[in-house]
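Asks: Mind looking over this structure? Questions follow.
The values are calculated or read from the model by the stated rules, or taken from the named source; none is laboratory data. Keep in mind it's a predicted model, so treat the numbers as computed, not measured. FYI the Cβ positions are ideal-geometry reconstructions off the backbone, even for glycines, and counts take in every protein chain you see.
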Amino acid sequence: MQYLKKPEGSASKSRSDTGTKGYRPLQSKSHPGDTNKEQTKIEQQLQDQAELLARTRQALQAEISARLQAEEELNRLSTKLERSVQKRYEELARIKDIEEEKAELFNRVKQQHEQLNNLALQLRQLTHQVIMAQEEERRRVSRELHDEAGQALTVLKVSLELIRADLLESQAEAMLCKRLDEAVGLCESTMTRIRMLAHDLRPAALDDLGLNLTLEGFCRDFSERTQLSIFYAGVETPALMGSAEICLYRCLQEGLTNVAKHACATQVLVRLHYDENSVRLVIEDNGRGFDQLAENLLKSHKEGIGILGLQERLVSLGGRLEINSQAGKGACLSVIVPRAETG
């Protein structure tokens, strides 16, 4: 719509017609073609806006659907997570129960272990007391055999020799002299056996001469009885407890007996030495080796002290037994006892 300025000549007429002064609107002339175009344009705009609105609604619906799906998935995952957390809590609770049971079981095992250790200690102490009692009894029996039976047999032998001398002087029958000779020989062999028995029970030399000379003498006597070549190399050791000395003596007894019975050896080396902490007795042979003799050695305690018995003795003293061997290359038995504490 346009406003045109009126000509001055027509001012009065305008005032009389309208009663106003100034401008009046000028109606534009519209053509039918322009109206159609305008309408078409408006319709196109409305159609575009409708399509845009439809697309926007579809997008919103898709977004809402996606959000709903996401929310459902989130709820599902949340539920799953809650279940997992609950399951984990239950597992942790079970683990805690298991740990408590393990701790309780460990404490019970620890208590039982301590009880076993105490029992083992009591057993070692009892074993030591039994061994000492046995050694004391052997000492007593050895003294009685040596002092009483030995002296009685000595007197009997002297009496028989005197009777034999008197019979020879009186030219008695030869048969009676022969029987007396046999009786004297029987006395001598009996005295020898009693001395050996007394020595095996408790060697008096251990108290009189010491450990080194006693072991050397035993090796010499054992070699003479068995015809086994034994080389002894020992030194005078520092002071040891009496139980340790007799234990080393018993180990030498058992070791040489096993060599003579089972090893098929021709030579044996026995060594006694010491260091700042312990005294060591070593018995080496050139026999067939411990592998073939293990069963016999372990069973030998039925007849004597045995390897197991030696181990018990050594454990009660704080010592140990070591055996090294190879089939066909002999065996080496080492006995280690701690030195007596001084101070």
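Asks: Any residue at all in segment 131-140 that's closer than 26 Å to Gln311 by Cβ, modelled with pLDDT of 70 or more, touching a helix residue (DSSP H, G or I) at 6+ places or on another chain (Cβ under 7 Å) and not hydrophobic (A, V, I, L, M, F, W, C)?
Replies: no
Asks: Just need a number here: residues in segment 228-284 that are surrounded by 17 or more Cβ atoms within 10 Å (Cβ to Cβ) and free of Cβ contacts under 8 Å to residues at least 12 places away in the same chain.
Replies: 0
Asks: Can I ask one more? Under 6 Å between Cβ atoms, which residue pairs at least 6 apart in sequence (or on different chains) link something in segment 313-327 that is of a type in the set (Val, Ile, Thr) with a partner that is not in a helix (DSSP H, G or I)?
Replies: That search, which allows pairs on different chains as well, returns Ile323/Leu333.
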